[in-house]
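The values are calculated or read from the model by the stated rules, or taken from the named source; none is laboratory data. In this text, all values refer to a predicted model and were calculated from it rather than measured experimentally. Cβ sites come from the backbone with ideal geometry, for glycine too, and all protein chains shown count toward neighbours.
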Amino acid sequence: MQVQQVKERSKAFVNLFRQHKGMNMELKTFKGGLHPPDNKRWSEKKAIEVCPVAEGDELVIHLSQHIGAPAEACVQKGDKVLKGQVIGTPKGFVSVPIHASTSGEVIAVEPRLDTAGNKTMAVVIKADGKDEWDPNLSGADPDKLMPQELKDRILAAGIVGMGGATFPTHVKLSPPEGKKIDYLILNGVECEPYLTADDRLMQEKPEEVVEGILILKRILGVEKAVIGIEANKPTAIETMQKACEGKGIEVCPLQLKYPQGAEKQLIYAVTGREVPSGGLPMDCGCVVQNVGTAAAVNAAVRRGIPLIERIATVSGSAVAEPKNLLIKIGQPISKLVEFCGGVKGELGKIIQGGPMMGMAAVSMDVPVTRGTSGILLFSEGEVIRAPEGPCVRCGNCVRACPAFIMPTEIAFQMRRGKVDEAEKLNVMDCIECGSCTYICPAQIPLLQFFRQAKSAIRANIAKRKKV
Amino acid sequence: MIAAVISLGGIGFLAAVILGFAAKKFAVEVDPREAEIAGNLPGANCGACGYAGCGGYAKAVVAGNAPPNLCTPGGAGAVAMIARVMGVEATAAEPTVAVICCQGDNTRAQDKYKYVGVHDCRTAQALAGGPKACPSGCLGLGTCVAACAFGALSISPEGLAVVDREKCVGCKKCTTVCPRNVIKMAPKSATVQVLCNSHDKGAVIKSYCQVGCIGCQICKKTAEDVYAVDNFLASVKNESYDQEKAVAGMLKCPAKCIHDLAAADTPQEEKTEEKAQ
């Protein structure tokens, strides 16, 4: 009798296992990673609303909102500026111009508090409430332009990666000679919990994204373009599939897993190719762009609109009414939160970006930037400030790491100050997704150790170059 | 049996001959003075002299590239030893000690956020410029304590680094690891020091710290030879230090950020002196 029970049970398990495996087989993904609760239900059904700028509002527009050299201010205190006018000119190749988000008067060009909590140069504009466009901005038909002209337009519009990394797009679209690109991958994964900005963009403006992709394809001269979307956005997948019909763009639903939206992990999931250690996506023939970037490219080329606004999700347990907003670059966080009904309960933490990779903001006065994909407010009760415990060697971090490094070993070496040992353990391959820190039962600040190691290693390399 | 003894003994003898020959032929000439100096230095390899360890310093001294008074941990004894070995006259350099130029512990200075994470000032500094509202105050996470090879540094219960002036040998290791440059070196005899590191203006400092230098220039006006004020921060001119004048300036300081460190070190002696008087 008992034997039969056991047999039945094991049969049921085997079936379950097969089913589970079968489910995974349908959707592509990468190795490693984990699945934190996505909490997208707060805002995924909310249509994008415009967060208004009233007369007299102060917009603080930082001159360094991108990776690379900061732009240089080209306006002075007292100047009148129009919406879309250039207020900062790029310095060097890896740099982009900065534009006024609205019309008004420049009331200061001085260091102001930025997202990272440091004071960096910013242009402060007092809005006149008219929101008057610069008449010099004009669009063009992308089919009549050469790839280089398209790239010039993208640079002039100051377009950077909208996923949060803010790498200048024109640089990504200019692979060095000899590197053959055959794949354009569009990142619509949005694997960060809470964020629904890309999801809403794909649902509400699919044609903008598709047109942008066609322009990107023309610039790179590639045949294949794939949009990767995580499986928890069925409406977006459906909308994009409809919009892409007959355009030579494929939609690839991906398994629900963090960090599915990380560049290297997305490339692996979609193409099966691996970016070599220390290499870039172009080393395996791929260019990855966010769907938001594609929409911005379309606006820049067709209508001449620079990157002065973006979609961001305001969510979290301490927001009265979570929303998806169309925000102007330079608006303070407090304005966005106010538009969403203000703070609910006791505020414990403000995060710019997603909860996994975003940065904690020091105050509500810091402005949003081109990389702000979301503002998350968490109540005091939800924030864990537990002291770090001893490593129990469970290996969860090693299993979760999508870059296949050993977080626990590296942290152990860093505790002893052994930066060289950490370098040997390939800490430079860390993509800083924070999966290890999230899963660690002992609350060890693993990622912080890696950042420390990486900056020390970079400093060492710079020193060696000097000598 | 005998064959084994003979063969092994033969191999041993042969090896001894080769080694003996090699020792004569390839002998490395070492200046005996270098060995003597290296042997008598403290051996902490702290690097305060600017050379790679005590051996490196001894080599540099013998080669005539380094003066004999660079070893701060060794103090006057080491200088005398080197002078004797080298046959030169030398006077000991004034010993220096580390001074924590901050009094803003967690009872007097405010934080701008709660820091939870790696217990290292450099890591904390990378997060929005450190949890302390003051951009240049001591973070109190003990990076300097870990760097000190002589056990001269500790973190007070209020979260501020403290120097043991007796144990400190002036090797400057702590000054290189501190991300905010709070630690400065001063001659041991210059006991009156300005314990603030912030160049912010008075009103700004008052918003986050009770004991910051407000740059009011009163100390400078009282004793111009001893105090200098640069960009809203007073400092003691160690080269023209004068105890009496320094104390006069210290007593006038309205922000209470100038202190006599010797007085703090030896409170008991002071008391006995007072009693004697």
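Pairs linking a residue in the stretch B:132-146 that is charged (D, E, K, R) to a residue that is part of a strand (DSSP E or B), with Cβ atoms under 7 Å and 6 or more positions apart or on different chains, are B:LYS132/B:ALA109; B:LYS132/B:ASP111.
Number of residues in the stretch A:375-401 that are surrounded by fewer than 18 Cβ atoms within 10 Å (Cβ to Cβ) and either β-branched (Val, Ile, Thr) or farther than 14 Å from A:CYS436 by Cβ (or both) equals 13.
For the stretch A:224-246, a residue qualifies if it is in contact with a helix residue (DSSP H, G or I) (Cβ under 8 Å, 6 or more places away or on another chain) and under 17 Å from A:ASP182 (Cα atoms), and the qualifying residues are A:ALA225, A:VAL226, A:ILE227, A:GLY228. Condition check for B:GLY151 on (1) within 14 Å of another protein chain (Cβ to nearest Cβ); (2) part of a loop (DSSP other than H, G, I, E, B); (3) surrounded by fewer than 22 Cβ atoms within 10 Å (Cβ to Cβ); (4) not aromatic (Phe, Trp, Tyr): one failure, at (1).
Taking only the stretch B:114-123 into account, find how many residues are facing chain A (nearest Cβ under 9 Å), more than 17 Å from A:THR437 (Cα to Cα) and surrounded by 19 or more Cβ atoms within 10 Å (Cβ to Cβ). Residues in the stretch B:114-123 being facing chain A (nearest Cβ under 9 Å), more than 17 Å from A:THR437 (Cα to Cα) and surrounded by 19 or more Cβ atoms within 10 Å (Cβ to Cβ): 1 in total. Across the stretch A:373-396, the number of residues qualifying as closer than 30 Å to A:ILE311 by Cα, in contact with a Lys or Arg (Cβ under 7 Å, 6 or more places away or on another chain) and not β-branched (Val, Ile, Thr) comes to 1. Looking at A:GLU388, A:GLU423, A:GLU382, just one residue is in contact with a strand residue (DSSP E or B) (Cβ under 8 Å, 6 or more places away or on another chain) and of a type in the set (D, E, K, R), and that residue is A:GLU382.
Evaluated against (1) part of a helix (DSSP H, G or I); (2) over 20 Å from A:VAL171 (Cβ atoms); (3) of a type in the set (A, V, I, L, M, F, W, C), A:ALA299 falls short on exactly one condition, (2).
Evaluation of A:ALA360 against the conditions (1) surrounded by fewer than 24 Cβ atoms within 10 Å (Cβ to Cβ); (2) more than 30 Å from A:GLU423 (Cβ to Cβ); (3) of a type in the set (Gly, Ala, Ser) shows that the sole unmet condition is (2).
Somewhere in the stretch A:408-416, is a residue hydrophobic (A, V, I, L, M, F, W, C), surrounded by fewer than 22 Cβ atoms within 10 Å (Cβ to Cβ) and closer than 13 Å to A:LEU446 by Cβ? Yes - at least one qualifying residue is present in the stretch A:408-416. Only residues that are within 15 Å of A:CYS191 (Cα to Cα) and surrounded by 19 or more Cβ atoms within 10 Å (Cβ to Cβ) were counted in the stretch A:212-231, giving 4. Does the stretch A:152-165 include one or more residues that are in the same structural domain as A:ILE249 (by TED's automatic domain parsing) and free of Cβ contacts under 8 Å to residues at least 40 places away in the same chain? There is at least one residue in the stretch A:152-165 that is in the same structural domain as A:ILE249 (by TED's automatic domain parsing) and free of Cβ contacts under 8 Å to residues at least 40 places away in the same chain. Scanning the stretch B:86-113 for residues being crowded, with 20+ Cβ neighbours inside 10 Å and aliphatic (A, V, I, L, M) gives a total of 5.
Taken together, A:ASN298, A:ASN324 contain a single residue that is over 18 Å from the mean Cα position of the chain (by Cα), at pLDDT 95 or above and closer than 29 Å to A:SER138 by Cα, which is A:ASN298. Of the residues that sit in the stretch A:98-152 and are of a type in the set (Val, Ile, Thr) and under 19 Å from A:ALA300 (Cβ atoms), which one is farthest from the other protein chains (Cβ to nearest Cβ)? Step by step, filter the stretch A:98-152, then rank; the result is A:THR102.
A quick yes/no check of all residues on (1) in contact with a Cys (Cβ under 6 Å, 6 or more places away or on another chain); (2) more than 29 Å from B:THR72 (Cα to Cα); (3) assigned by TED's automatic domain parsing to the domain that holds B:GLY140:
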{"site": "B:PRO157", "(1), (2), (3)": "no, yes, yes"}
{"site": "B:GLU166", "(1), (2), (3)": "no, no, yes"}
{"site": "B:THR191", "(1), (2), (3)": "no, no, yes"}
{"site": "B:SER198", "(1), (2), (3)": "yes, no, yes"}
{"site": "B:VAL211", "(1), (2), (3)": "yes, yes, yes"}
{"site": "B:GLU224", "(1), (2), (3)": "no, yes, yes"}
{"site": "B:ALA228", "(1), (2), (3)": "no, no, yes"}
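Would you pick out the residues in the stretch B:241-257 that are out of contact with any helix residue (DSSP H, G or I) (no Cβ under 6 Å at 6 or more places or on another chain), part of a helix (DSSP H, G or I) and not β-branched (Val, Ile, Thr)? Across the stretch B:241-257, the qualifying residues are B:GLN243, B:GLU244, B:LYS245, B:ALA246, B:MET250, B:LEU251. So which residues in the stretch B:209-220 are out of contact with any Ser or Thr (no Cβ under 9 Å at 6 or more places or on another chain) and in contact (Cβ under 8 Å) with a residue 24 or more places away in the chain? Across the stretch B:209-220, the qualifying residues are B:VAL211, B:ILE214, B:CYS216, B:ILE218, B:CYS219, B:LYS220. Considering only residues that are more than 14 Å from chain B (Cβ to nearest Cβ), closer than 18 Å to A:VAL392 by Cβ and part of a loop (DSSP other than H, G, I, E, B), which ones fall in the stretch A:412-452? The one that is more than 14 Å from chain B (Cβ to nearest Cβ), closer than 18 Å to A:VAL392 by Cβ and part of a loop (DSSP other than H, G, I, E, B): A:PRO441.
Taking the condition touching a strand residue (DSSP E or B) at 6+ places or on another chain (Cβ under 7 Å) and within 14 Å of another protein chain (Cβ to nearest Cβ), does B:GLY137 pass? No. Of the numbered criteria (1) closer than 26 Å to A:GLY358 by Cβ; (2) touching a helix residue (DSSP H, G or I) at 6+ places or on another chain (Cβ under 9 Å); (3) surrounded by fewer than 22 Cβ atoms within 10 Å (Cβ to Cβ), the one A:PRO111 fails is (2). Would you confirm whether any residue within the stretch A:348-359 is away from chain B (no Cβ under 14 Å) and assigned to a helix (DSSP H, G or I)? Scanning the stretch A:348-359, I find no residue that is away from chain B (no Cβ under 14 Å) and assigned to a helix (DSSP H, G or I), so the answer is no. Consider the stretch A:368-389 and keep the residues that are within 14 Å of another protein chain (Cβ to nearest Cβ) and part of a loop (DSSP other than H, G, I, E, B). The one that is farthest from B:TYR115 (Cα to Cα) is A:GLY389.
Checking A:ASP365 against (1) modelled with pLDDT under 95; (2) outside any loop (DSSP other than H, G, I, E, B): exactly one of these is not met. Which one? For A:ASP365, the failing item is (2). Scan the stretch A:354-399 residue by residue and report those that are in contact with a Gly (Cβ under 6 Å, 6 or more places away or on another chain) and over 24 Å from A:PRO168 (Cα atoms). Of everything in the stretch A:354-399, those that are in contact with a Gly (Cβ under 6 Å, 6 or more places away or on another chain) and over 24 Å from A:PRO168 (Cα atoms) turn out to be A:VAL362, A:LEU376, A:LEU377, A:PHE378, A:SER379, A:GLU380, A:VAL383.
Meeting the requirement of 3 or more residues that are more than 18 Å from the chain's Cα centre (by Cα), at negative phi and buried (at least 17 other Cβ atoms within 10 Å of the Cβ), the helices (runs of 4 or more DSSP H) wholly within the stretch B:157-228 are B:202-208, B:218-222.
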